[in-house]
Each structure stands twice: as C-alpha cells, then as structure tokens.
Amino acid sequence: MSASNDPLVIFTPSGKRGHFAVGTPILTAARQLGVDLDSVCGGRGICSKCQIQPSYGEFSKHGVTVADDALSEWNSVEERYKSKRGMIDGRRLGCQAQVQGDVVIDVPPESQVHKQVVRKRAEARDIVMDPSTKLYYVEIQEPDMHDPTGDLERLVKALRDQWELPHLEADLGILQTMQPILRKGGWKVTCAVHLGDDMFSPRIMHIWPGFYEGTIYGLAVDLGSTTIAGHLCDLQSGEVVASSGIMNPQIRFGEDLMSRVSYSMMNKNGAEEMTRAVRDGMNALFVNIANEAEIDRNLIVDAVFVCNPVMHHLFLGIDPFELGQAPFALATSDSISIRGLELGLNLHPAARVYLLPCIAGHVGADAAAVALSEAPDKSEDLVLVVDVGTNAEILLGNKDKVLACSSPTGPAFEGAQISSGQRAAPGAIERVMIDPITKEPRFRVIGSDLWSDEDGFEESILSSGITGICGSGIIEMVAEMRLAGIVDGPGLIGSPTQTGTERCFLDGRTHSYLVWDGTEKGGPRITVTNRDIREIQMAKAALYSGARLLMDKFGVDTVDRIVLAGAFGAHISPKHAMVLGMIPDCPLEKVTSAGNAAGTGARIALLNTSSRREIEKTVKDIHKIETAIEPRFQEHFVNASAIPNSVEKFPILETHVTIPNVNFNTGSDDDGRSGGGRRRRRRG
C-alpha cells in the first residue's frame, strides 16, 4: 500500500479503504485490502468476474469528492468484452481500470467470491386468504346480430351474473388481446380480477382461454437500507413458493440513510440516480425470484412493499431532502396504491403495487409492517418490539397504547465499519464462545454446523474458508470478550499482562484481540480492534437509548417481554444482546425472535386485503417519538455506551452470567475510552 498522499480508494459495501499509487489496478487494490472481488482469469480481462461500479460526485460520509477522471479511461480490452458479451453501462473491469484519483468503488454481488446469504426468510404464519386479485372462470354469451353489445360488455356481464362481482373495467391491454382469447376458448375463459381499492376501481387484469389450471402470484418485498428481500406467494394458496434477496444497490451512495440523504443534497440529480439504482436492483431481484420459482414474471400481478421513509421516498422517486432536517416531513404518510408500470417494475403490465403507510418522518412502512405482524396494540402485557437493522425501528405498547421511534444504529450490526467485518456469507463467523480462563475462542461459521474446535471443522469449511465476522458474530464476540475479562466496562481491550493472554497484542496506541490467523494458508488474519469495540458501543447505545426513551414516555422501568425482529435480530443471541447492553433488562425466557417481522407484515398485507385497512387505522393511533429532538435520548446514549450499561441491573446475572469488574483504562489513551459514563457496580 502506498503513502497517504496517494489517491484514496474506498470499497463498498465492505467499507474497506486504503491509499494507492496512481496507476494501480482496482483489482490489485482490492486484493491488498482483502476486498471480496472475484477473478478467474488472473487479471487478463477475459473472465469479467471482477466487474466493479465506480461512483462519482461528493461523498460527505467518506470525506471525498470523486472526479470524473478518478479512473483510467475505458480501454480496448473492456470495449472488446462489452461488444462481445455485454456489460452494464457504467461498469468497469477491475483488472483494467486504474486509480487516477480518490474514488468510491462498489463491488456488486455477482462480483463477490462469497455471495451474500440473505437471511430474511419467510416466517411460518397462518394468514386468512383474501388477496386483492383472484381468478374467475366464466362462460360468456356469444355475439348475436340482434344484440349488438361488445365482447367486453358481455364478459363483464358474465362475471357479474356468475360471480356477483361489481361492474368491472379493463385496461387497454385487455381490449387489445381479448377477442382472439374469447374465440380460442370457445367463449369460456378464466379472468384475473383485481377487486379494487381506494385508488383503483375493480378491473380485469388478465384473460386465459378456457379453464386456466395455473395460478397467479404476488410479491411481498422488504426494501431495507442494506438488503432487498422478496417472497413470491401463490395468491390462491398463500404458499411462499420462492424467496430471494439482493444487496440494495444504493449502498454505494452510503451505508446509512443520512449518507444517502446527504448524497441527494450535494449531488445534482443524486436522488434520481439512487431511485434508478434501487428500481434496477428491484427488477434484478424479480428476475432472480422468478427464475428460482421457474415462473413467468407476467404471472406476478400484485406486490406489497415495506420500507423506511428514506427508502420509501427514493423508491417512489421523491427527493428525501425534507427527511434530512427537522421537522422531518414526509411527502405523504398514507398508504399508496399504484401501477407497477409507473415505478418501472418489470412485472405483469397491469400489476398493482401497494405500499404500507408510514408512521412518522423516521418511522416508516417497515415499522408499520412490524406492527401488523406482531400486533403490540393487541397485547395484554407490555411488549417491546425491536426491528434491528441499519436503522432500528422500535415499538413499545400494549392494548392501551403503542409508542414508536427509530434509532440510527448505523451499519456496524451488518458487519460494516468493522475491521474484519463482512456481510452474512459462507465463511463468516456467526457464533462465538471465549473460555474465561484460557481466553481461547471457539466459533462457528456460516456454511458449517461444527464449532472450530470440533473434529471435521477444517474439512467442513474447505469451500468457504474463514473470511471474516458477520453482524451476529461481532455481537457475540464483543459480549464474550467482556465476559472473559478481555474488554472492560468502558470498552478498552487489555494488554497481554492485564488479560492473561497473548492473543491481546499492541495495535498502534491500543490493543487488539486475535481471533484467527489464517495467513499461513493464504487466509485472512481476523482480529477485533478497539475501534471495532467503539463502533459496536455506538450502535448498541443508539438501539438501547431508543428503547429506554420509549419506556420513559410510557412511564415504566421494565417491560414484560422483548421481541427481536428483523433479519439480523433473528440471529442475535438474547443472552449476548443483554450482556452487551443492547436491550433493557428482561428475563431471558421473555426475549424471543420474530424473524423477519417486516417481511411477514408485507406478506399479511399481500394475502389479506382487509389487513391493509387494519394497519392504515392502527398507524394513526400509534404515538410517534422523535429521538433527534429528545434531550433524554442523549443522556441514555452516554450511559449506554458502557458495556453493558452504566445504569442497568441485569437480573440475567443472578443465574447465568458474571460480568468481571475490570477496568483497563489508565486515562492515557483517548481512543480506548467509551465515554460510557459512571462505572457500573459489580454484580453476580
């Protein structure tokens, strides 16, 4: 790696960065930084596995402005490949593009060696089937010289007479294709009928000759800041026939929401650029999910989307400028029903799209979907629902009232901004235990069911290796380091003498902890640094502070139960979350996982249209709390920066865990301090 005055290269979504001399190929820079960029041909420009997406403009989050000439000019090798095999406009080959100035490089999922495992699975749930679009078989009266009505009018009459449907309309596409279909079916056809909503009157969406033995489909899509996940559902049976997900392409404009708002503010047409990116990503997801289910995308006639307010606006093509400043005004908080064609979505031409209502400026349709799925407003006991992600949505309530807020936890829980962090993919450490006596770690990686000290572990990871630490892994890692006395309350990693292990080593001005050293076999050296601890402290403090603020507003010091939701929340160990101080005190048996509750809420709204009316009413009764203007949020944040927290009792300690009363902070190193407030008394 080169001197600090050389151009800065920043890779997303990994967040890895470094300075490189002018003329360095991007592929070389990626390899030196350990960025997950594929290449089969050894940099000869043949395989195209190393395709990258450079981004230009001002990136305030990264502190760089990327000029148009930040990379070397398009060359003949790239031109030859694109002309023969095709390549997405704007993409470059990492082996050919060379560093000329500061640049931000996105590595798309298809260029990553370790493809992401999207963990937003569909949860099992009983849902009363009442979709917006249904199939109806009818027999139509043939045309008659003495009854000069049109074919459409007779079809509509047949549907009304035989199925008691209201008067139906039809789009131009139906008129253009209807007559040959009626005659081919011998005046017997099957119709897909959208039964109407507040925006659209009931109408015929598709016609098949005769009796159509197939089915029609709908999509429930959770559009997250980091991941877009979709569940393809059979609109007749309710079955989830396929689930798929991709990284949100907007991540190259910033990992967190405010970075994307900032990008739209500072770059002309920045919002439009991000809208194009997310819609393109959405269509790529639709291709994946249709291919997985082996169906024609034209059979997807309905879709429901849930997303946070910034994603909501950018997906709809609305500039999120107002969401970046008080009073954080939404363009609209109501639910939206719209034609898929208006959003450029490659589904059935007449497909309808429904977006759940938003709750407030920073509490979006995803939180509304969680409320629909988990129904805190129907709970007899006081329940805290935490949808953990880059931007956490938090609900607290019972049948008397429900409060809601969002908390900017940032991307650390997703493995970003962590030195050895990565997305959830094969080879990523996801479970951790550290022996409190020897300080030796044992762990499990995605793709293997064995622990690292079990026989057969090495063989089980031959295809993936050990590549880094994902979000759930870093939570357990930091909590286990705290339990083992490797990290103290304020968040400082001790020296070898203080901790009793040579795995703690001097790393600049602070110490780091060695988890795994695979350098002898060409693998990575995986460590946890004091900066990593700080990133987790900030993220968990934000999450805890949002929950504690809602408890203040509710007038309570404890909750009856806690539900961890979200793709990430589904994989968090409740014990480690409590040791870390991510969530308020609660008996462990009262902490449960709801899996991808936002995705489940989207699926409920897709398959049961009456639930759409229900959530539209419910969100109007939810009390919104804006953390950005609440002084007590900052107070809680300071106290919650300690590990676990400086003011928590932790009944968990009585039966499960003893947290060592250690303090390595000598006051000589600012980087080691957590700003955690008062020291917590020793308990347990």
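If you go through region 464-495 and keep only what is touching a Pro at 6+ places or on another chain (Cβ under 7 Å) and of a type in the set (Ser, Thr, Tyr), you end up with Ser464, Thr467.
Put simply, of Gly34, Gly43 the only residue that is in contact with a Lys or Arg (Cβ under 9 Å, 6 or more places away or on another chain) and at positive phi is Gly34. In region 603-611, the condition of being aliphatic (A, V, I, L, M), assigned to a loop (DSSP other than H, G, I, E, B), open to solvent by 10 Å² or more (accessible area, probe 1.4 Å) and in contact with a Leu (Cβ under 8 Å, 6 or more places away or on another chain) is met by no residue. If the Cβ limit is 6 Å and pairs must be 6+ apart or interchain, which residue in region 211-224 that is within 22 Å of Phe305 (Cβ to Cβ) and modelled with pLDDT of 90 or more pairs with which residue that is of a type in the set (S, T, N, Q) and open to solvent by 10 Å² or more (accessible area, probe 1.4 Å)? Close Cβ pairs (under 6 Å, with a partner that is of a type in the set (S, T, N, Q) and open to solvent by 10 Å² or more (accessible area, probe 1.4 Å)) amount to Thr215/Gln236.
Region 45-100 holds strands (runs of 3 or more DSSP E) entirely within its bounds, and those carrying 1 or more residues that are hydroxyl-bearing (Ser, Thr, Tyr) map to 51-55, 64-66.
The single residue among Arg509, Arg503 that is under 28 Å from Val35 (Cα atoms), at pLDDT 95 or above and among the charged types (D, E, K, R) turns out to be Arg503.
Residues in region 56-72 that are at pLDDT 90 or above, among the small types (Gly, Ala, Ser) and within 18 Å of Phe20 (Cα to Cα): Ala67, Ala70, Ser72. Among the residues of region 317-327, at least one is open to solvent by less than 10 Å² (accessible area, probe 1.4 Å) and under 30 Å from Ile10 (Cβ atoms).
Here Ala331 fulfils each of the conditions (1) out of contact with any helix residue (DSSP H, G or I) (no Cβ under 9 Å at 6 or more places or on another chain); (2) open to solvent by 40 Å² or more (accessible area, probe 1.4 Å) apart from (1). Within region 175-212, restricting attention to residues that are over 29 Å from Glu616 (Cα atoms) and touching a Ser or Thr at 6+ places or on another chain (Cβ under 9 Å), the residue that is surrounded by the fewest Cβ atoms within 10 Å (Cβ to Cβ) is Phe211. Any residue in region 236-247 that is crowded, with 20+ Cβ neighbours inside 10 Å, over 30 Å from Phe413 (Cα atoms) and either without any contact (Cβ under 8 Å) to a residue 24 or more places away in the chain or of a type in the set (A, V, I, L, M, F, W, C) (or both)? The answer is no, given that none of the residues of region 236-247 is crowded, with 20+ Cβ neighbours inside 10 Å, over 30 Å from Phe413 (Cα atoms) and either without any contact (Cβ under 8 Å) to a residue 24 or more places away in the chain or of a type in the set (A, V, I, L, M, F, W, C) (or both). Screening Leu172 on (1) of a type in the set (A, V, I, L, M, F, W, C); (2) open to solvent by 30 Å² or more (accessible area, probe 1.4 Å); (3) over 30 Å from Asp366 (Cβ atoms); (4) in contact (Cβ under 8 Å) with a residue 12 or more places away in the chain shows it passes everything except condition (4).
Counting only residues that are open to solvent by 30 Å² or more (accessible area, probe 1.4 Å) and of a type in the set (Ser, Thr, Tyr), region 121-169 holds 2 of them. Condition check for Asn288 on (1) under 30 Å from Gly90 (Cα atoms); (2) open to solvent by less than 10 Å² (accessible area, probe 1.4 Å): one failure, at (2). Total residues in region 435-444 satisfying the condition of being closer than 18 Å to Arg525 by Cα and either surrounded by fewer than 12 Cβ atoms within 10 Å (Cβ to Cβ) or in contact with a Phe, Trp or Tyr (Cβ under 9 Å, 6 or more places away or on another chain) (or both): the figure is 5.
Sort out which residues of region 460-472 are among the polar types (S, T, N, Q) and without any contact (Cβ under 8 Å) to a residue 40 or more places away in the chain, and write them in order of number. Correct list: Ser460, Ser463.
Would you say Ile466 is in a strand (DSSP E or B), modelled with pLDDT of 90 or more and among the β-branched types (Val, Ile, Thr)?
Taking the combined requirement at face value, the residue does not satisfy it.
Just one of the numbered conditions (1) modelled with pLDDT under 95; (2) open to solvent by less than 30 Å² (accessible area, probe 1.4 Å); (3) among the aliphatic types (A, V, I, L, M) is not true of Ala303: (1). Select from region 368-383 the residues that are without any contact (Cβ under 8 Å) to a residue 40 or more places away in the chain and either of a type in the set (A, V, I, L, M, F, W, C) or assigned to a helix (DSSP H, G or I) (or both) and list them in ascending order. Of everything in region 368-383, those that are without any contact (Cβ under 8 Å) to a residue 40 or more places away in the chain and either of a type in the set (A, V, I, L, M, F, W, C) or assigned to a helix (DSSP H, G or I) (or both) turn out to be Ala375, Pro376, Lys378. Only a single item in (1) without any contact (Cβ under 8 Å) to a residue 12 or more places away in the chain; (2) more than 28 Å from Gly465 (Cα to Cα); (3) open to solvent by 50 Å² or more (accessible area, probe 1.4 Å) is not met by Ser60, and it is number (1). Can you name every residue in region 9-26 that is open to solvent by 10 Å² or more (accessible area, probe 1.4 Å) and of a type outside the set (Lys, Arg)? Matches in region 9-26: Pro13, Ser14, Gly15, His19, Ala21, Val22, Gly23, Thr24, Pro25.
Is it true that some residue in region 277-288 is of a type in the set (S, T, N, Q) and in contact with a helix residue (DSSP H, G or I) (Cβ under 6 Å, 6 or more places away or on another chain)?
No, the conditions are met nowhere in region 277-288.
Taken as a whole, the condition of being surrounded by 21 or more Cβ atoms within 10 Å (Cβ to Cβ) and not hydroxyl-bearing (Ser, Thr, Tyr) applies to Gly491. When Glu635 is tested against the conditions (1) without any contact (Cβ under 8 Å) to a residue 12 or more places away in the chain; (2) outside any helix (DSSP H, G or I), the lone failure is (2).
Highlighted here are the strands (runs of 3 or more DSSP E) found entirely within region 510-578 that include at least 3 residues which are open to solvent by 10 Å² or more (accessible area, probe 1.4 Å) and out of contact with any Leu (no Cβ under 9 Å at 6 or more places or on another chain): 510-517. The residues listed here are Gly677, Gly672, Gly601, Gly684; of these, the one that is at negative phi, in contact with a helix residue (DSSP H, G or I) (Cβ under 6 Å, 6 or more places away or on another chain) and modelled with pLDDT under 50 is Gly672. Taking every residue in region 473-487 that is in a strand (DSSP E or B) and pairing it with any residue that is open to solvent by less than 10 Å² (accessible area, probe 1.4 Å), at least 6 positions away or on another chain, the pairs with Cβ-Cβ distances below 7 Å are Val487/Val478; Val487/Met481; Val487/Ile493; Val487/Ile533; Val487/Ile643.
The values are calculated or read from the model by the stated rules, or taken from the named source; none is laboratory data. Remember, it's a predicted structure, so these values are computed and weren't measured experimentally. Using ideal geometry, Cβ is built from the backbone for each residue, glycine included, and neighbour counts are taken over all protein chains shown. For the accessible areas, the whole protein counts, side chains as well, though only heavy atoms, and no ligand, DNA or RNA atoms are used. Shrake-Rupley method; radii C 1.70, N 1.55, O 1.52, S 1.80 Å.
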